[in-house]
Amino acid sequence: MVAEGAPSALFASVESLDEIIHQKVRLGIMSALMASQEADFRFLKETLNVTDGNLSIHLTKLEDAGYILSRKEFVRKKPHTTYTPTDAGRKAFHDYLGALERIVQAAGQGS
């Protein structure tokens, strides 16, 4: 028996998922940054097992959305870029997790 309102609650929750964060690599980036508060390009690349170009595209998308900030500097004459989540990025990530929780709850009501 399906609980009344469960399908509409499930649909509303799915619709509320943030399209920017929802992509696998960007979710991985945001998860890593939320856990560590800061990460450099190399750490993210190795952790997520992606190419430089792929990671760069996803970092740019998150930065353009205002979810992360980058800090570029030189360490021993080599470029070093570090990323941190913004307040907007933290809020978007927590909102995303809340939407996932609502999806799980709504799906569970269908049993």
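Odds and ends about this structure:
- Listed residue (Asn49, Tyr67, Gly89) projecting farthest to the positive dipole end of the chain, Cβ model: Asn49
- Counting only protein heavy atoms and a probe of 1.4 Å, the accessible surface of the stretch 33-111 is 54% carbon and sulfur.
- Using 0.36 nm per residue and subtracting the Cα-Cα separation, the extra length available between Val14 and Thr51 on full extension is 10.4 nm.
- Close Lys pairs in the stretch 6-106 (alpha-carbon distance under 28 Å; sequence gap of 8 or more, or different chains): 14.
- Take the chain with all the other protein chains still there, run a 1.4 Å probe, and you get 65 Å² of accessible area per residue.
- For Leu100 and Glu73, the difference between the fully extended length at 0.36 nm per residue and the C-alpha to C-alpha distance is 6.1 nm.
- Label corresponding to Cα extents along the principal axes in Å when calculated from the structure given, among (1) 42, 30, 17; (2) 65, 26, 20; (3) 47, 39, 17: (2)
- Note on the chain: with charges restricted to the Cβ of Lys and Arg (+1) and Asp and Glu (-1), its dipole about the Cα centre is near 620 debye.
- Sorting 50-57, 62-69 by their mean Cβ neighbour count within 10 Å, with the most densely packed peptide first, gives 62-69, 50-57.
- Using θ = phi - 60° in the Karplus curve 6.51 cos²θ - 1.76 cosθ + 1.60, the 3J(HN,Hα) couplings for the stretch 97-104 round to 4, x, 5, 4, 4, 5, 5, 4 Hz; x is entered for Gly and Pro.
The values are calculated or read from the model by the stated rules, or taken from the named source; none is laboratory data. Because the structure is a prediction, the values reported are computed rather than measured. Counting neighbours? That spans all protein chains shown, and the Cβs are built from the backbone with ideal geometry, glycine included. Side chains are part of the model used for accessible areas, which takes the heavy atoms of the whole protein and leaves out ligands, DNA and RNA. Shrake-Rupley method; radii C 1.70, N 1.55, O 1.52, S 1.80 Å.
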